[in-house]
Structure formats: structure tokens, C-alpha cells
Amino acid sequence: MLALYLRDLRLGIRAGGGALTGVIFFLAVIATIPFGVGPDLNLLARIGPAILWIGALLASLLGLDRLFQAEREDGSLDLLVLNRDRHMLAFTVFVKCLAHWTVSVLPLVVASPLLGLFMNMNPTGIGATALTLLVGTPAITFIGAAGAAVAVALPRGGLLISVLVLPITIPVLIFGVSASYGAVNDPDPFFQPFLILAALTLFLAVVGPVAAALALRHSGD
């Protein structure tokens, strides 16, 4: 599994453009918000955590179609499905999700503090938002793995993956934004929504790969 993780890391870096495209899209979303809401710095600071979360969510969906597509094209996906039982296939999907998150989504988390400065957020809000993104974005990848597995047999399944995954990620978005607001707004709690966000990630770390493994076996049949 470590070899598979390192292999997917090398393939993701060698393919080029994945992480850079996501960061550029993330930056484009954040940069266009002031043009839409106006130059009110107080308003930008209030909506900053929500905008960062929405931008990271949309940018995380960009590369999900590549999660299994390369293996599907060269035939190695069939070997992964045939040579492993159900539980090992789910664990294989889990490792591939970790590699995809490291290459494509982790750069978004690293870039979020800088983009938070563009939104006039205070250091506490920037730190809390970056922490919630670090904890919550793996859940998006695990959900996306199931959508990518469903659409892997389709020639152009990128849009379908976004349509399938986006509604399911709403709870992650809600608790991520709630925890970020709780860190800067005194009456609002931080730890309760943050712990629920962490629980969602742990839950989806189990359910997402299992669902993706079942979908891959069905597509192989």
C-alpha cells in the first residue's frame, strides 16, 4: 500500500497541472468575490471563511475524474479489481484517495492563509479556516471517490461526478464554515462543529472507499 501511495504521488506530480490548476481556480474564485460584493472590508472579513470553504470545495472537485481514469485506460484498474477481495479493494481506494488529496487538495489548504488575507480576515479566522479545511477536505475526497467510481466507465464523467458529489458535501461545508465562524464570533462555539466535522471525515473515510469499491466492481461486471 505504501508503494501504491508513492506511485500515485509520482503519477499525480508527473501528470502536471493538477495542483496548480486547483490553486489557480481557488485564487480566481476568491479574487472575483470583491468585485461582486463591493469593496466593503468588514463584509469581506465576515464572509471570508464561507468563501474560502466554497472555493476549496469547488477546486477539490476539479481533479476527481482523474482518480481512476488513468488505471481504467491502461487496464490496471481491472487488475486491482480482480486481484483483491472486497476489503482489500476498499483499502486500495482509501490509499489512492490519500494520494489524490496530498497532490491535489493539500496545496489548496496551504494556499488558504494567503487567500484569507485577500478577504481581510483576522489571524484567528485564517488559522481556524485553514485548520477546518485540513480536517474537512479529506471527506470531500472520500465522497468524490464514490462518484468517480460510478462515472469511471463513462467517456466524459467529470461533470457527472460534480453533480453527484456536490449535494453530499453540503454537511461538510456547513460544519466547516460553522467551526470557522465559531473561532471569531464569541457567542458561537468552535469545538462542537469542529468535532462533528472530524467525525464526518472519519465516517466517510470508511464509507466512501467501500462504496467506491462496490461501484468499481459493478462497473467491471
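The values are calculated or read from the model by the stated rules, or taken from the named source; none is laboratory data. As the structure is a computational prediction, the values presented were derived from the model and not from experiment. FYI the Cβ positions are ideal-geometry reconstructions off the backbone, even for glycines, and counts take in every protein chain you see. Each accessible area value is taken on the protein alone, full model and side chains, heavy atoms only, with ligands, DNA and RNA left out. Shrake-Rupley method; radii C 1.70, N 1.55, O 1.52, S 1.80 Å.
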Review point. For labels at Leu195 and Phe35 in the simple 7 Å Cα→Cβ model, what's the distance in nm?
Key: 4.4 nm
Exercise for review: Please give the peptides 198-208, 94-104, 136-146 ranked by average Cβ packing (other Cβ atoms within 10 Å per residue), highest first, as a rough proxy for protection.
Suggested key: 136-146, 94-104, 198-208
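To the nearest 0.05, what FRET efficiency results for Leu214 and Ile174 with a Förster distance of 25 Å applied to their C-beta separation?
So, using R0 = 25 Å, E works out to roughly 0.40.
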Revision key, fill the gap. Taking Asp8, Asp65, Asp186 and ranking on accessible area (1.4 Å, protein atoms only), highest first, one gets Asp186, Asp65, Asp8
Review point. At a 1.4 Å probe radius, carbon and sulfur cover how many percent of the accessible area of the chain?
Key: 71 percent
Study note, to complete from the structure: Taking r as the C-beta separation of Leu2 and Ile24 and R0 as 30 Å, the FRET efficiency to the nearest 0.05 is 0.45
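Work out the FRET efficiency for Leu9 and Phe118 from their Cβ-Cβ distance, taking R0 = 41 Å, and round it to the nearest 0.05.
Numbers: r = 30 Å, r/R0 = 0.72.
E(calc), rounded to 0.05, equals 0.90.
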Exercise for review: Determine the gain in length on full extension of the stretch Val206-Asn185; use 0.36 nm per residue of separation and subtract their C-alpha separation, reporting nm with one decimal.
Suggested key: 4.3 nm
Practice item. Determine the calculated [θ] at 222 nm for the chain from helices alone, applying -39500 (n - 2.57) to every DSSP H run no shorter than 4 residues and normalising by the residue count; nearest 500 deg cm²/dmol. Key: -27000 deg cm²/dmol
